[in-house]
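What follows draws every value from the coordinates through simple rules; no lab data is involved. The structure presented is a predicted model; accordingly, all values stated were derived computationally and were not measured. Because the Cβ atoms are built from the backbone with ideal geometry, glycine has one as well, and the counts that use them run over all protein chains shown.
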Amino acid sequence: MHSLAFIDGLTQVANRRQFDRVLGAIWRRYTRDNLPLSLLMIDLDFFKQYNDFYGHQKGDACLQAIANTLKQALPRSQDLVARYGGEELVCLLPNTDLQEAQVIAQRLSDAVAQLGIAHEKSTVSSRVTVSIGIATLIPTLTMYKQALLQAADKALYAAKQSGRNRFCSA
């Protein structure tokens with residue numbers, strides 16, 4: 001029952017409910033402890049075109065491979081990969097400053113590229129790539145956790161607008 005409630009059925013990483021739960025717990029603790037918290041918001045580039053061209057079964061397999069790769073590439077047990085929605089994944093990186101988050105984002109991007117999954121309909125690469133938005137902050141009592149999500153989303157939008165297959169920081 002527990003895994004049904006907190007694990008995404010397709011990707012086998014944490015689901016949105018688990019992500020929200022973990023983010024809330026870390027947020028409260030880091031507000032007290034004054035530690036940095038980073039979030040990577042990750043979107044598969046041109047995934048709709050991938051699904052349309054290769055079919056939804058291949059799309060599901062691609063999403064599963066990406067999620068597993070992200071999970072394997074994260075170095076610490078406290079880091080969390082979750083399916084945020086559709087083809088969007090997030091990585092919650094406790095006690096990680098911006099510089100460390102950028103290193104991790106590059107590692108994750110490289111790991112996805114190394115999968116070598118063909119993507120004939122992408123305009124940035126012949127292989128599946130990801131765009132990543134990075135946000136880092138130290139939670140405070142006057143701040144809401146949505147600030148972290150909004151900053152990562154804004155950075156993701158910037159990565160997409162500047163050509164995809166890259167990361168940008170908020």
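Some observations on this one:
- Taking amide hydrogens as placed 1.01 Å from N in the peptide plane, the amide H of residue 129 sits under 5 Å from those of 45, each at least 5 positions away in sequence or on another chain.
- Read-out semi-axes √(5λ) of the Cα gyration tensor in Å, derived from the coordinates shown; its label in (1) 32, 22, 16; (2) 27, 18, 13; (3) 31, 21, 13: (2)
- Gaussian network model of the chain, springs between alpha carbon atoms under 10 Å - residue of 57, 106, 18 with greatest fluctuation: 57
- Loop-resident sites, region 83-147, for GluC sites (Glu not before Pro), counting at most 11 other Cβ within 10 Å (DSSP): 120
- Per-residue ³J(HN,Hα) for region 141-155, Karplus 6.51 cos²θ - 1.76 cosθ + 1.60, θ = phi - 60°, Hz, x for Gly and Pro: 5, 8, 10, 9, 4, 4, 4, 5, 4, 5, 5, 5, 5, 5, 5
- Whole-number percent relative contact order across the chain, with pairs defined as alpha carbons under 8 Å at least 6 apart: 28 percent
- Sequence-distant lysines (8 or more away, or on other chains) whose Cα lies within less than 16 Å of residue 58: 48, 121
- Take the Cα of residue 125, go 7 Å toward its beta carbon, and the backbone nitrogen atoms of region 145-159 under 18 Å from that spot belong to 156-159.
- Only helical runs count toward this figure. For the chain, summing -39,500 (n - 2.57) over DSSP H runs of n ≥ 4 and dividing by all residues gives -15500 deg cm²/dmol at 222 nm.
- Exposure proxy order (Cβ contacts within 10 Å, fewest to most) of 119, 56: 56, 119
- Taking 7 Å steps out from each Cα toward its Cβ at residue 32 and residue 98 produces label points 2.8 nm apart.
- Distribution of pairwise C-alpha distances over region 1-102, 10 Å bins, in %: 15, 43, 30, 10, 2
- Sequence-distant lysines (8 or more away, or on other chains) whose Cα lies within less than 17 Å of residue 145: 154
- In order along region 24-41, the phi-based Karplus estimate (6.51 cos²θ - 1.76 cosθ + 1.60, θ = phi - 60°) of 3J(HN,Hα) comes to x, 5, 5, 4, 4, 5, 6, 4, 6, 8, 6, 10, x, 10, 10, 9, 10, 9 Hz; Gly and Pro are listed as x.
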